[in-house]
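Reviewing the structure listed below.
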Amino acid sequence: MRVLIIEDHQILSRNIQQYLELKSINSMIVSDWIEALYIASTEFFDVIILDINLPWMQWDEICKKLREKWKDTPILMLTSRSSKTDMIWWLELWADDYMVKPFDYEELLARIHSLTRRNLKNKSTTFIMAGDYKIDLDKKLVSWSEWEIKLSHLEFDLLKYFSQNIGKVVSRQEIYEKVWWEYDEFSMWKTVDVYIWYLRKKLGKELIETKKGFWYIINE
């Protein structure tokens, strides 16, 4: 899962990011709307956390522009206001949920999970991004720009596992158990390495990085 944090309060945004990291959620922080809109055209996120008090631009205009880029991505508003009228207005316009500052981080995590579950139910097709590659989980297709990349069944399952663990270092044993659904120490070493080599050959060497000889991590 990837979360975009649009917040100009550095301490708060960093605290949110650190908490999400503890929960194995990858996140990116941007502090102004210009950077946020640029990121919107180049990146994919499962949830957007947006502070309504960003300088230089009204929050509703930011939301509108974000919606033009991310039509289906849930937006969770952070606000210091607690007026019922404000809340209803935000939810009716652009936001999917909101939290009033100060807030509990466990509740924030629960709301993020709730938004992603709701979003998956509303989508007819589920997509994941791995670097510049778009993975269609329903159709089991991988594409780059408008080009489809042909992968075998096991290659697709391996890429899917990596893409669901972006930013996390995983071992050969973890990969073998999750993708092949078994554990055989003798077969594991050769099988995992061979299929990673297949993926690198089709998707580029830089996508999957080797760590300390027997651990792997997929780059964003």
Output the residue which, of all residues in the range 171-207 that are in contact with a helix residue (DSSP H, G or I) (Cβ under 7 Å, 6 or more places away or on another chain), part of a helix (DSSP H, G or I) and at pLDDT below 80, is surrounded by the most Cβ atoms within 10 Å (Cβ to Cβ).
M188
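Here is a yes/no grid of residues against (1) out of contact with any helix residue (DSSP H, G or I) (no Cβ under 7 Å at 6 or more places or on another chain); (2) assigned to a helix (DSSP H, G or I); (3) at pLDDT 80 or above:
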residue	(1), (2), (3)
L20	yes, yes, yes
L66	no, yes, no
T73	yes, no, yes
T85	yes, yes, no
I88	yes, yes, no
F162 being free of Cβ contacts under 8 Å to residues at least 40 places away in the same chain and either outside the structural domain of T42 (by TED's automatic domain parsing) or not in a loop (DSSP other than H, G, I, E, B) (or both)
no
Using the structure shown, decide if K168 is of a type in the set (K, R) and buried (at least 18 other Cβ atoms within 10 Å of the Cβ).
no
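The values are calculated or read from the model by the stated rules, or taken from the named source; none is laboratory data. Treat the numbers as computed from the prediction; the structure is a model and nothing was measured. Positions of Cβ are backbone-derived with ideal geometry, glycine not excepted, and every protein chain shown enters the neighbour counts.
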